[in-house]
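First up is the structure itself, then whatever we jot down about it.
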Amino acid sequence: MASRRISGRLPPDVNRILYVRNLPFKITPEELYDIFGKYGPVLQIRLGEAPDTKGTAFVIYEDIFDAKNACEHLSGFNVGNRYLIVLYHKPVQMLKKMDPEKRQERIDRLKHRFGVEGLGAVQG
């Protein structure tokens, strides 16, 4: 692994989390582990199950270089007569795409869940 790190700096958008689109709806997490595990140890796979996330998944690698290798090799890979779209996860860009009303609802739910409702500014 050390020899791979000598090659220099990675582009800023490269990270350990891959966002996968265009998956067959009936693919299982085990099948995804088989496909993505060939490029290195996978920590977690989150398969989209809601109607608006079906056919997508997040794949989290232990090592950033394994994620980079998988992204390069699996983009365009044919699975179940569908060509995978593999991208690096960009959380800021995903939030920008979210509808402002949905975003506010999500923030309100998280505030309620973690008990931070009605908290004002911190006084010093």
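Scanning segment 48-63 for residues that are without any contact (Cβ under 8 Å) to a residue 40 or more places away in the chain and open to solvent by 80 Å² or more (accessible area, probe 1.4 Å) yields 49, 51, 52, 54.
Of all residues in segment 64-88, those that are buried (at least 18 other Cβ atoms within 10 Å of the Cβ) and charged (D, E, K, R) total 2. When the residues of segment 98-124 are narrowed to those that are in a loop (DSSP other than H, G, I, E, B) and closer than 19 Å to residue 53 by Cβ, which ends up modelled with the highest pLDDT? The qualifying residue modelled with the highest pLDDT is 99. Applying the condition of being among the basic types (Lys, Arg), assigned to a loop (DSSP other than H, G, I, E, B) and more than 17 Å from residue 90 (Cα to Cα) to segment 6-50 and asking which residue is modelled with the highest pLDDT yields 26.
The values are calculated or read from the model by the stated rules, or taken from the named source; none is laboratory data. What you see is a predicted model; the values in this text were computed from it and never measured. Ideal geometry is used to build each Cβ from the backbone, glycine not excepted, and the neighbour counts take in all protein chains shown. Please note that ligands, DNA and RNA were not included when accessible areas were found on the heavy atoms of the full protein model with its side chains. Shrake-Rupley method; radii C 1.70, N 1.55, O 1.52, S 1.80 Å.
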